[in-house]
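Structure, as C-alpha cells:
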Amino acid sequence: MATDTLNDTVSAIAASDPAIWRCIQSEQKRQATTLELIASENHVSKAVMEAAGTCLTNKYAEGYPGARYYGGCEFHDQIERIAIERATQLFGCKYANVQPHSGANANAATFLALLNAGDTFASLVLSDGGHLSHGMKINFSGKYFKPIHYPLIYDLNNPKFEQIDYDAAEKLCLEHKPKMVLCGYSAYPRVIDFARFHAIADKCGAILMADIAHIAGLVATGVHPSPFPHAHIVTTTTHKTLRGTRGGLILTNDEEIAKKIDKAVFPGLQGGPLMHIIAAKAVAFGEALRPEFKEYCRQIVRNAQALAAALKEKGYRLVSGGTDNHLMLVDLRSRSADLTGADGEKWLEAAGMITNKNGVPNDTRPPKVTSGLRLGTPALTTRGLKEAQMKQVADWLDRVLTSKGDPAVAAQVRGQITELCAKFPLPH
Ligand code: DSN
C-alpha cells in the first residue's frame, strides 16, 4: 500500500512537472552509482523518505503539542510527542525540541535563548574544524555575538598534534570569561572530552553547549561518549551519522533551559514546524533505537579506521594522525605538494567518488582551494561496504589523485565503482 502511494506520487511528479522529475531521476541515479564520501551525508531508509513526503506537509501547527495556534492538530500533536519521546530516549535526556529546520537553526535558537547580543562565547574556529554558526564573522553568530577561539595543539612534537588544546582553552576562558563554551565540530576526527569542557565551563561560570551534529549517531549508540550529563544544552542535525531526514534537534536536561529553547525556536526564530519532517525525524529516531543501528555505527568507525590506515600506507598525512570517529581530514600536500582540495574534489567526482575540499589547520590556501579533503564513511557503511572495500576505495582515491585527474584513469575507476555500487545497492 505504502509503495503504491509512493509510486502514485512519483508518477504524479513525472506527469505534472517533467523537468523536475528528470532532475530527481538523474539525482537518484547519481546517488546510486557513486560513492558518497562526504562525512555529513547519508542515505535514509525508505520509511524515512516516505514519511518526509506525506500529507503532513499540508498543515500549519505553530506552537507545541497541546498548545497550538491552529485547529486540526490532533495527529500532529501525536507525531511530535512521539518524536520528542524517542529523541529523549535515544540521547538519555529529559527535554527535546524537534522543530528546528536545521542544525544552524538549532544553534541560532540556542544563542537566542541563552545569550544576549554582544555576549562572548568560546568555540573552535571554522578553519580548525568548527562550523560557520560557531562564530564566523559574516554568520549571525559572529556578527551579533563575540567569539573567542580556543586552539588546537600546533606543536609538531606533541603526540596530540592537531587535537584540541584543552589547557589553552581553559586559559583562554578564564581570561575572557565567556558566557558560553561551545564544543562539537564539523571537521574534527577525534573524541571530544565533554567532561573536560564541563570543568572549563564551570571554572568560568559558563554554559556548556555541545553541537554533536556530526557524531549524533555515534553518541546515540554509545560509540562516542555522550555530552550528557556534562553539557547544559546539546544541538544536532538529524541527517548525518544519525541517518534521518534533514533537520535539527535541541536537547537538554534543564527545565528552565528547555522552556527558553521552546520560546526561542517558536516564536523566536521559526514559524510553522515542518510536520512531515518531524514525522520523518520520529521514524529515523525509531530506527536508531534498534540494536542494528548500534552495529551500523560501530561499522562506520571501523570503516573510517580502515580507510585512514590504507591512505596512510599510501603516504597521505591525516590531520591529527588518524581518526576516532566517522571522518578524516586528508592533507593532500603530503602526497604531492601541488595537490589541492579543489582539484581533488573535481577529479574524484569525475571518477565517481563524491568528497568535499576542506581546509587543514593552518592551511595556506584559500577556502575555495584548500589543501585538504574531508572524507567520511557513514553513507558507504549504509550501503553495506566494509573494511575490505575501504582498501579498494583508498586505492581508487590514490589512483585518481596521483593521475592528476587523467580522464582515462577516471573512466576506468568510474567503471569499477559502478560495478561495486551495483553489488551494494542503496536502501531503496
Ligand atoms: N555543512 C555541514 C557539514 O558538511 O559538515 C555542516 O553544516
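The values are calculated or read from the model by the stated rules, or taken from the named source; none is laboratory data. These numbers come from a predicted model, not from an experiment. We place every Cβ from the backbone using ideal geometry, glycine too, and count neighbours over all the protein chains shown. Each accessible area value is taken on the protein alone, full model and side chains, heavy atoms only, with ligands, DNA and RNA left out. Shrake-Rupley method; radii C 1.70, N 1.55, O 1.52, S 1.80 Å.
Observations on the structure shown:
- The residues of region 110-134 that are surrounded by fewer than 20 Cβ atoms within 10 Å (Cβ to Cβ), within 16 Å of the ligand (Cβ to nearest atom) and not polar (S, T, N, Q), listed by number, are Val125, Leu132.
- Flag for Ile250 being within 16 Å of the ligand (Cβ to nearest atom), touching a residue at least 12 places away in the same chain (Cβ under 8 Å), surrounded by 23 or more Cβ atoms within 10 Å (Cβ to Cβ) and not in a loop (DSSP other than H, G, I, E, B): yes
- Here Met136 meets each of (1) touching a helix residue (DSSP H, G or I) at 6+ places or on another chain (Cβ under 6 Å); (2) among the hydrophobic types (A, V, I, L, M, F, W, C); (3) outside any loop (DSSP other than H, G, I, E, B) with one exception, condition (3).
- Some residue of region 288-310 being within 16 Å of the ligand (Cβ to nearest atom) and touching a residue at least 60 places away in the same chain (Cβ under 8 Å): yes
- Candidates Thr54, Thr110, filtered to the one that is more than 30 Å from Phe140 (Cβ to Cβ), β-branched (Val, Ile, Thr) and in contact with a helix residue (DSSP H, G or I) (Cβ under 9 Å, 6 or more places away or on another chain): Thr54
- Only one of the numbered conditions (1) open to solvent by 10 Å² or more (accessible area, probe 1.4 Å); (2) outside any helix (DSSP H, G or I); (3) hydrophobic (A, V, I, L, M, F, W, C); (4) over 22 Å from Pro229 (Cβ atoms) is not met by Val191, and that is (4).
- Where a residue in region 349-370 is within 16 Å of Ala394 (Cα to Cα) and its partner, wherever it lies, is within 16 Å of the ligand (Cβ to nearest atom) and assigned to a loop (DSSP other than H, G, I, E, B), with Cβ under 7 Å and at least six apart: Met353/Leu37; Ile354/Leu37; Ile354/Ile38; Thr355/Leu37; Thr355/Ile38; Asn356/Ile38
- Failed criterion for Val181 (all others in (1) away from the ligand (no atom under 16 Å from the Cβ); (2) touching a residue at least 24 places away in the same chain (Cβ under 8 Å); (3) within 16 Å of Val125 (Cβ to Cβ); (4) open to solvent by 10 Å² or more (accessible area, probe 1.4 Å) hold): (4)
- Residue among Val265, Val219, Val223, Val234 that alone is among the β-branched types (Val, Ile, Thr) and open to solvent by 30 Å² or more (accessible area, probe 1.4 Å): Val223
- Condition met for Thr235 (within 16 Å of the ligand (Cβ to nearest atom) and closer than 23 Å to Ala288 by Cα): yes
- Residue count for region 10-66, restricted to those that are over 20 Å from Tyr296 (Cβ atoms) and either in a loop (DSSP other than H, G, I, E, B) or in contact with a Lys or Arg (Cβ under 8 Å, 6 or more places away or on another chain) (or both): 10
- Scanning region 82-97 for residues that are open to solvent by less than 10 Å² (accessible area, probe 1.4 Å), among the aliphatic types (A, V, I, L, M) and in contact with a strand residue (DSSP E or B) (Cβ under 6 Å, 6 or more places away or on another chain) yields a single hit, Ala87.
- Considering Tyr144, Tyr154, Tyr150, Tyr166, the condition of being at pLDDT 95 or above, closer than 21 Å to Ile215 by Cα and open to solvent by 30 Å² or more (accessible area, probe 1.4 Å) is satisfied by Tyr166 alone.
- Qualifying residue in region 55-73 (condition: touching a residue at least 24 places away in the same chain (Cβ under 8 Å) and within 16 Å of the ligand (Cβ to nearest atom)): no
- Matching residues, region 74-109, being farther than 21 Å from Leu269 by Cα and either outside any helix (DSSP H, G or I) or within 16 Å of the ligand (Cβ to nearest atom) (or both): Gly92, Cys93, Lys94
- Near pairs, Cβ below 6 angstrom, 6+ apart or cross-chain, from region 396-416 (open to solvent by 60 Å² or more (accessible area, probe 1.4 Å)) to any residue that is not in a helix (DSSP H, G or I): Arg414/Ala351; Arg414/Gly352
- Output for region 204-232, where each listed residue is assigned to a helix (DSSP H, G or I) and not β-branched (Val, Ile, Thr): Ala216, Gly217, Leu218, Ala220
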